[in-house]
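S.K.: This is the structure, below, for whatever I ask next.
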Amino acid sequence: MKKNLFLLAILLLGNVAYGQSNYLHLISPVNSTSNNPVSADEMTSRIRKDAENYARYAPVPRMAEMDYAFGADIEEYKKLNGFGVLYIPSLNRDSSEYPIKRVYVKVNNKIIELEKLGEIKVPVTDPQIISTFGRNRIDYYYLLPYQLTLKDSEVLIDWSTNRQNFTLTKFPNTGPIDFITTKNIGKNDGVIDKHTLKAFLKREFNVNSAD
């Protein structure tokens with residue numbers, strides 16, 4: 001089930017236990033023609049439009065967009081242990097900002113760091129994107145507990161060097177998923193089924209895992 005949220009976060013002026021390591025070696029398919037998943041190619045088209053809209057502010061130091069998705073039904077939701085995937089395409093004019101140090105959720109004065117699944121370095125060749133945002137792009141994928149999206153919370157990014165507490169979005173920003181109730185929401189204390197996770201990443205974001 002795709003949560004159709006697309007957010008552009010830019011700066012115009014200068015702990016959950018997962019039970020296992022879920023880091024994956026992610027590979028973006030070449031010349032993908034898939035229209036349903038939010039692939040890197042599809043996101044590039046959105047970034048190009050953003051680059052045109054924000055060209056008057058260039059050079060923009062950094063930007064990040066986002067999309068996220070959860071299981072299509074209760075069976076898949078349970079196999080994913082109540083997690084979805086948060087997709088963060090990002091560009092930085094200064095390459096020393098990479099890698100992202102951490103992505104985390106601030107809720108009730110507590111910090112919950114999200115677990116990174118993997119990242120993909122995406123070549124930037126579009127002149128307008130380079131002019132507005134620069135040529136350094138890395139797309140990140142993180143596990144996102146569904147429960148956190150129901151609480152008053154804020155998702156933030158700490159870059160490696162020049163920027164901390166970079167606000168990506170705030171929750172809740174959409175209604176609850178209809179097939180998830182207080183009885184079946186779960187506690188994210190089980191084990192994620194790796195086969196289901198890989199199939200989910202392929203379907204929703206059109207990325208493959210080499211593992």
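S.K.: Can you tell me which residue within the range 51-75, out of those that are under 15 Å from S90 (Cβ atoms), among the aliphatic types (A, V, I, L, M) and part of a strand (DSSP E or B), is farthest from the chain's Cα centre (by Cα)?
M.R.: Looking at the filtered set, the residue picked out is M63.
S.K.: Just to be sure I understand, how many residues within the range 79-92 are in a helix (DSSP H, G or I) and under 17 Å from L150 (Cβ atoms)? Quick ask: steps written out before the conclusion?
M.R.: Pass one, the range 79-92, residues in a helix (DSSP H, G or I): 79.
Applying the additional criterion that residues be under 17 Å from L150 (Cβ atoms) yields none.
Total satisfying the criteria: 0.
S.K.: Something else: Can you name the residue in the range 191-211 that is of a type in the set (A, V, I, L, M, F, W, C) and assigned to a helix (DSSP H, G or I) and, of all such residues, is farthest from the chain's Cα centre (by Cα)? Steps first, answer last, please.
M.R.: Just the residues of the range 191-211 that are of a type in the set (A, V, I, L, M, F, W, C), to begin with: 191-192, 197, 199-201, 205, 207, 210.
This time we only want the ones that are assigned to a helix (DSSP H, G or I), so: 197, 199-201, 205.
Numbers: L197: 15, A199: 17, F200: 14, L201: 12, F205: 10 Å.
Only one residue tops the list, namely A199.
S.K.: Please specify each residue of the range 123-181 satisfying the condition of being β-branched (V, I, T), assigned to a loop (DSSP other than H, G, I, E, B) and crowded, with 19+ Cβ neighbours inside 10 Å. I'd like the intermediate steps shown before the answer.
M.R.: Within the range 123-181, the subset β-branched (V, I, T) is 124-125, 129-130, 132, 138, 149, 155, 157, 161, 167, 169, 174, 177, 180-181.
With the extra rule that they be assigned to a loop (DSSP other than H, G, I, E, B), the set shrinks to 124-125, 161, 174, 177, 180-181.
Within the range 123-181, I177, I180 meet the criteria.
Bear in mind these aren't lab numbers, they're just calculated from the coordinates by the rules spelled out. In this text, all values refer to a predicted model and were calculated from it rather than measured experimentally. Positions of Cβ are backbone-derived with ideal geometry, glycine not excepted, and every protein chain shown enters the neighbour counts.
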